[in-house]
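Q: Pasting in a structure now, in structure tokens, and then I'll have a few things to ask.
The values are calculated or read from the model by the stated rules, or taken from the named source; none is laboratory data. Small disclaimer: the values here were computed from a predicted structure and weren't measured. As a convention, Cβ positions derive from the backbone with ideal geometry for all residues, glycine included, and neighbour counts pool all protein chains shown. In case anyone asks, the SASA skips ligands and DNA or RNA and just uses the protein heavy atoms, side chains included. Shrake-Rupley method; radii C 1.70, N 1.55, O 1.52, S 1.80 Å.
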Amino acid sequence: RSLEDTLPYLFSLLGIVEGDDPLAQMDGQIRKRRTLEAIKRILLRESLNQPLMVIFEDLHWIDEATQELLNLLADSIGTAKILLLVNYRPEYSHQWGSKTYYTQLRLDPLARESAEEMLSALLGDGAELAALKRLVIERTEGTPFFMEEMVQALFEDGVLQRNGVVKLAKSMNAVKVPATVQAVLAARIDRLPAGQKELLQALSVVGREFALELVRAVVAKPDDELRQLLDYLQLAEFVYEQPAVGNTEYIFKHALTQEVAYNSVLIERRKLVHERAGAALEALFVGQLDDHLEELAHHYSRSDNIEKAVEYLGRAGQRAAQRSAYADAIRNLTAAIDLLQKLPESTERIRHEALLQLGIGPAFLAVKGWAGPEAERAYTRVRELCALLGDAPELFPGLFGLWNVYFAQARLQSAYELSEQLARRSRSAHDPALVMYGQLAFGITSFWMGKFVAARQHLETSISHYDRERHRQLTFRYGGIDAGVWCLSYSALTLWYLGYPNQASKRGDEAVQLAQGLSHPLSLAMAATSVAILHCQGLAEVRVAQETAEGVIALCTEHGLSAVWFLAVSLRGWAMARQGRHEEGIEQIREGLAVCRAAGGAEANLPHLLCLLAEACMEADRVDDGLSALTEALAAGEAQGDRYGEPEIHRLKGELLRRRNESNAGQAQKCFERAIEVARKQSAKSSELRATMSLARLLRDTGRRDEARAMLAEIYGWFTEGFDTLDLKEVKALLDELSR
């Protein structure tokens, strides 16, 4: 029962998830790591029941994911009852040599004595065969597979005959020994009767392993004749029958055998057999095509049926993306896009490419990050293709994907221009789902640019068009976060800045409740992070802010959500610093900053995190470090067009200047006044309140109490709610002090 938590990973890996995949929102790399960890745990647990032998062959052909599993196993079996056996050619390299439980056996070609022993087992000990044995050993250099194939070739060529014992039937002068094992195999294949050769070549096209029912459909021979031919090929040791459930299956004796047979097929015939294999798979698995997409894509992409190749490569790519197998998704979708260019130009071809580009965009984001050019290129291509189509439905998701890239890269002006386009197009589309996404993009971008009144309007319009079931279906295509949760989360932050703390708290709670009801981990992390930010901005006590941030961290760790983890860690660090754990808190924020800088596509969060660092440094009396962080935050905000946190940057700078030296009161006052000025332009009443409180304290300390009381009373009098929040309670206490 302790292994039950591995089931979602195994079901997802095997493609047998019913309903929504619970891992769909998980970071792709973390999901892969946990899948491999699940396989490892199952093997280790089974080894407690009985000793296991786990075999990996031909590591020189290994793929990346299998290599990662192998490395994980190799690191984990030091004390387990598991014998891990691997084999590989010399060109393969690994890092296991330093492990005390690793032993390497070099499988060199057989020495003469061993080679002679092997040939004696195959041919007997007749004296007349001695010269032939020497020739075989000399030409094959003791390679066992080469020797086996050479002996088979000599029998088939009539040089050797078996009649109780093996005898030389031809003169040694007539013996011709090819220089390579490939040449031996090619000669053996050429000598086969026409029916056997034709079948072997067809089998090599079908695959290294193949089921009898698939072969029947491809070669279209009577069953008795087909089985007889397969028996001949088994007798000649080209293929072997192997155990299978519910069907008869075969495998080529060696990968080289299949390779040589495949290369012997004329290109046109090869294409024809590939197409037959694809058609046979479609007919045999008509109700289960999703389980055979890779095979279908393989066969049709090597045939002349480009339409089918593009179809199945595209479907295989989309399926791989849904399973977070992003490298496979990119490979298949790229191949589909390349093949598509071979079709005559048409409206249908352009639309098909647009759909493929929309599929490859999220995969590029997952693998290459937001900073990489690949996703931007894909979405830009969608826009170009849609310009050729006119008013194409693919344009909206393409523009939204491009907006997502620009927004994440903090190219806010470009993101703003796109959000305007999205809002216009969504209104003309008369589709409530698109209206929500258009207004959502406009609202989020307006928020980051400090246009809070406009942000509120757009977000309110967006929320009014939310359809839980419809938008749930669109979540993967449109950013991976539920649109309703996304909207409510930003609405909560916007309301706080506008000076409505109670409404902000209500919206934040609604976002969390909606995400919990959807059972959508990434959306829940997004909502909970927005609530943590509100608490850090004075909605609740610092302790509550830390607990909320820690809840987000636990959620991110459980579900492998890297997208908001760094932000939650930074918020926790800020709360720790505010509670006296200065150095530990600062270290946490710096860890979040390091991930933010390295992530590529998290740059928009940089000014906010630097403000958290500056405030933590102020708590620790590390004034110069705090001022340095604010200088970087201001520069980043200027470069990005990020304005929502600008008042706080100026306010914190004033506070730090005062701490550095009391004689800096004049400079500090200018910073506070600048913060108030910017906040008023933004209608950011909560930011104005904080900056006015800082200025009032400075005026109080310099003997200007009446002036301080008047300006503080004015901003305090504006508020109509939230009087139990931290900021407003502090302002009330300061007003009472100034009035005494």
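Q: Just give me the residues in the stretch 445-461 being more than 20 Å from Leu395 (Cα to Cα), in contact with a Phe, Trp or Tyr (Cβ under 7 Å, 6 or more places away or on another chain) and crowded, with 22+ Cβ neighbours inside 10 Å, in sequence order. Show your work before the answer.
A: Of the stretch 445-461, the ones more than 20 Å from Leu395 (Cα to Cα) are 446-461.
Now drop any that are not in contact with a Phe, Trp or Tyr (Cβ under 7 Å, 6 or more places away or on another chain), which leaves 447-450, 452, 455, 458-459.
The answer is Phe447, Trp448, Gly450, Phe452, Ala455, His458, Leu459.
To keep it simple, each residue is scored yes or no on (1) in contact with a strand residue (DSSP E or B) (Cβ under 6 Å, 6 or more places away or on another chain); (2) under 27 Å from Leu593 (Cα atoms); (3) open to solvent by 10 Å² or more (accessible area, probe 1.4 Å).
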| residue | (1), (2), (3) |
| --- | --- |
| Ala639 | no, yes, yes |
| His650 | no, yes, yes |
| Asn664 | no, no, yes |
| Phe672 | no, yes, no |
| Ala691 | no, yes, no |
| Ala696 | no, no, no |
| Leu726 | no, yes, yes |
| Glu730 | no, no, yes |
| Ser739 | no, no, yes |
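Q: Here is a list: Leu613, Leu606. Which entry is touching a helix residue (DSSP H, G or I) at 6+ places or on another chain (Cβ under 6 Å), assigned to a helix (DSSP H, G or I) and in contact (Cβ under 8 Å) with a residue 60 or more places away in the chain? Talk me through it step by step, then tell me what you get.
A: On the way: Leu613 fails: in contact (Cβ under 8 Å) with a residue 60 or more places away in the chain.
Answer to the check: Leu606.
Q: Return yes or no: is Glu550 at pLDDT 90 or above and surrounded by fewer than 23 Cβ atoms within 10 Å (Cβ to Cβ)? Write out each step before concluding.
A: Values: at pLDDT 90 or above: yes; surrounded by fewer than 23 Cβ atoms within 10 Å (Cβ to Cβ): yes.
Taking the combined requirement at face value, the residue satisfies it.
Q: I'm trying to understand the selection: among the residues of the stretch 225-248, which are surrounded by fewer than 18 Cβ atoms within 10 Å (Cβ to Cβ) and in a strand (DSSP E or B)? Talk me through it step by step, then tell me what you get.
A: We begin by selecting, within the stretch 225-248, every residue surrounded by fewer than 18 Cβ atoms within 10 Å (Cβ to Cβ); these are 225-228, 231-232, 234-235, 237, 240-248.
If the condition is that a residue be surrounded by fewer than 18 Cβ atoms within 10 Å (Cβ to Cβ) and in a strand (DSSP E or B), then Tyr240, Glu241, Gln242 are the ones that fit.
Q: Yes or no: Leu36 closer than 24 Å to Tyr102 by Cα, in contact with a helix residue (DSSP H, G or I) (Cβ under 6 Å, 6 or more places away or on another chain), in contact (Cβ under 8 Å) with a residue 12 or more places away in the chain and surrounded by 17 or more Cβ atoms within 10 Å (Cβ to Cβ)? Quick ask: steps written out before the conclusion?
A: Working: closer than 24 Å to Tyr102 by Cα: yes; in contact with a helix residue (DSSP H, G or I) (Cβ under 6 Å, 6 or more places away or on another chain): yes; in contact (Cβ under 8 Å) with a residue 12 or more places away in the chain: yes; surrounded by 17 or more Cβ atoms within 10 Å (Cβ to Cβ): yes.
So Leu36 passes the test.
Q: Identify, by number, the condition in (1) of a type in the set (A, V, I, L, M); (2) farther than 24 Å from Glu213 by Cα; (3) open to solvent by 30 Å² or more (accessible area, probe 1.4 Å); (4) assigned to a helix (DSSP H, G or I) that Leu343 doesn't meet.
A: Every condition holds for Leu343 apart from (4).
Q: Just need a number here: residues in the stretch 299-329 that are modelled with pLDDT of 90 or more, in contact with a Gly (Cβ under 8 Å, 6 or more places away or on another chain) and open to solvent by 10 Å² or more (accessible area, probe 1.4 Å).
A: The number of residues fulfilling the criteria is 3.
Q: So, one more: Any chance the stretch 534-541 includes a residue that's open to solvent by 20 Å² or more (accessible area, probe 1.4 Å), among the aliphatic types (A, V, I, L, M), touching a Phe, Trp or Tyr at 6+ places or on another chain (Cβ under 8 Å) and assigned to a helix (DSSP H, G or I)?
A: Yes, the stretch 534-541 contains at least one residue that is open to solvent by 20 Å² or more (accessible area, probe 1.4 Å), among the aliphatic types (A, V, I, L, M), touching a Phe, Trp or Tyr at 6+ places or on another chain (Cβ under 8 Å) and assigned to a helix (DSSP H, G or I).
Q: Report yes if some residue within the stretch 135-150 is loosely packed, with under 13 Cβ neighbours inside 10 Å and either acidic (Asp, Glu) or more than 50 Å from the chain's Cα centre (by Cα) (or both); otherwise report no. Quick ask: steps written out before the conclusion?
A: First, pick out the residues of the stretch 135-150 that are loosely packed, with under 13 Cβ neighbours inside 10 Å: 138, 141.
With either acidic (Asp, Glu) or more than 50 Å from the chain's Cα centre (by Cα) (or both) added as a condition, the list becomes 138, 141.
Scanning the stretch 135-150 turns up at least one residue that is loosely packed, with under 13 Cβ neighbours inside 10 Å and either acidic (Asp, Glu) or more than 50 Å from the chain's Cα centre (by Cα) (or both).
Q: Here are some conditions: (1) in a helix (DSSP H, G or I); (2) out of contact with any Pro (no Cβ under 9 Å at 6 or more places or on another chain). Ile481 meets all but one. Which one does it not meet?
A: Going through (1) in a helix (DSSP H, G or I); (2) out of contact with any Pro (no Cβ under 9 Å at 6 or more places or on another chain) one by one, Ile481 breaks only (1).
Q: Check off (1) open to solvent by less than 40 Å² (accessible area, probe 1.4 Å); (2) β-branched (Val, Ile, Thr); (3) farther than 17 Å from Glu128 by Cα for Thr180 and give me the number that stays unchecked.
A: Among (1) open to solvent by less than 40 Å² (accessible area, probe 1.4 Å); (2) β-branched (Val, Ile, Thr); (3) farther than 17 Å from Glu128 by Cα, the lone unmet condition for Thr180 is (1).
Q: What helices (runs of 4 or more DSSP H), lying completely within the stretch 1-101, carry at least 3 residues that are more than 30 Å from Asp482 (Cα to Cα)? Steps first, please.
A: Values: elements: 7-14, 28-49, 64-76.
Here the list reads 28-49, 64-76.
Q: Can you pull out the residues in the stretch 521-533 that are open to solvent by less than 10 Å² (accessible area, probe 1.4 Å) and within 21 Å of Ala577 (Cα to Cα)? Break it down stepwise before answering.
A: Kept after step one, since they are open to solvent by less than 10 Å² (accessible area, probe 1.4 Å), are these residues of the stretch 521-533: 523, 525, 527, 529-530, 532.
Passing the criteria: Thr529, Ser530, Ala532.
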